[in-house]
C-alpha cells in the first residue's frame, strides 16, 4: 500500500499506471518463457508437449499466472472499447498480442479450471463495464460485444471439451468419488483401489477424487471448527493423525478455502471473507466514483482470486503473496489522488 507513494517521492513522474504496467509485463515474462520453451521442445521432439511445463512447478501454477494477467488485459481492452478509457501504458496491438499468447498458453497447459476462469473474466469485465456505462445509444455496441464474448467462450469451451476427455465422464466420476473410501487411490495413489463409476469404467482421478476431497474436507472442518493452526499440508496431517496411518499420500484437499478452514477454523474463514468483502467494497466504490480502472482491477482480482480458492489450493505460498501484494498496491492506487496522469481516452 505504501509502495507507490514511496516511489513517487523519489520519482515524481512515476505514475501508478506505469508501475502497474511494469508489474504486468514482468508477470507475463513467465508465460513468454513457457511459450518459447514449448517451441524449443517441439523443434527438438517433433510434437507438442500438451499439459506440460518446465518453467513452474505444475500446470496449476502456470494457469494461475495466465489467468491473473489475462483478467487485467481483458478488462483493459473492454474499457478501451466501451468506455474509451485506458490505464496500462501499452498500445492496443501489444495488448492483443499478449492476450493471444495467454490464450495459446492456456490451451497448451490444458487446465479445465483455468479455461473456466478465463470465461469468467470475460463476462465479469463485460458486466461491470455495462453497469458503468449503459446508455440507449450503446445498446448495439453492447449487444455486439456480448455476442463476441459468447462466441469466444463457446470456442474455448469446445476446445476444452475436445482436448480434455475428463469432461465426458465428469458426472458419473463425481458420483462414484463422493463417498470414495480412504483406501482408494484418492488417498493412497500408489496402492489404493480404483472405484468404478456408473458407466462401468475406472473412475478418473481428477473428477472423482476432487468430489471426495470436497465432501471429506468440509466434514473435517465441521469436526474441527477451531482449526489446527498453520500447516501447509493440513488435510494430509489430519487424516494421518486421526486414522493413525502413514498410508495417506494425498498432500492436500485441492481446495484453498477448505485448507484455510482446516488451519484457521470457521472463525478464520469468516475473517478472510470479511477481508475480501472489504477489498471488494473499496474496488466497487472507486469503480463507481471516478477511479474506474483501478477500482475495476481490484474488483475483478478479488472476485477472481476468491473463485479460484473454491476449486484450487491457492491460499498458500506465492499465490497468496502475489494476491496480497497486488491487492495492497491497487488499494494504495485507489487511496491516492491521480498524480501526473489521467485515465486517458484511447
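Taking helices (runs of 4 or more DSSP H) as the structural unit, those lying wholly within segment 112-224 and holding at least 1 residues that are under 24 Å from the mean Cα position of the chain (by Cα) and at pLDDT below 70 correspond to 112-132, 139-163.
Quick check on segment 264-280. Is at least one of its residues in a helix (DSSP H, G or I), touching a helix residue (DSSP H, G or I) at 6+ places or on another chain (Cβ under 6 Å), closer than 30 Å to residue 222 by Cβ and modelled with pLDDT under 90? No: segment 264-280 contains no residue that is in a helix (DSSP H, G or I), touching a helix residue (DSSP H, G or I) at 6+ places or on another chain (Cβ under 6 Å), closer than 30 Å to residue 222 by Cβ and modelled with pLDDT under 90. Just checking, does segment 40-51 include any residue being touching a helix residue (DSSP H, G or I) at 6+ places or on another chain (Cβ under 7 Å) and modelled with pLDDT under 90? Yes; the residues of segment 40-51 include at least one that is touching a helix residue (DSSP H, G or I) at 6+ places or on another chain (Cβ under 7 Å) and modelled with pLDDT under 90.
Is one or more of the residues making up segment 276-289 buried (at least 21 other Cβ atoms within 10 Å of the Cβ) and within 15 Å of residue 315 (Cα to Cα)? There is no residue in segment 276-289 that is buried (at least 21 other Cβ atoms within 10 Å of the Cβ) and within 15 Å of residue 315 (Cα to Cα).
Residues of segment 1-24 that are within 23 Å of the chain's Cα centre (by Cα), more than 18 Å from residue 324 (Cβ to Cβ) and in contact (Cβ under 8 Å) with a residue 24 or more places away in the chain: 17, 21.
The values are calculated or read from the model by the stated rules, or taken from the named source; none is laboratory data. Source: prediction; values computed, not measured. Note: ideal-geometry Cβ built from the backbone for every residue, glycine included; neighbour counts use all protein chains shown.
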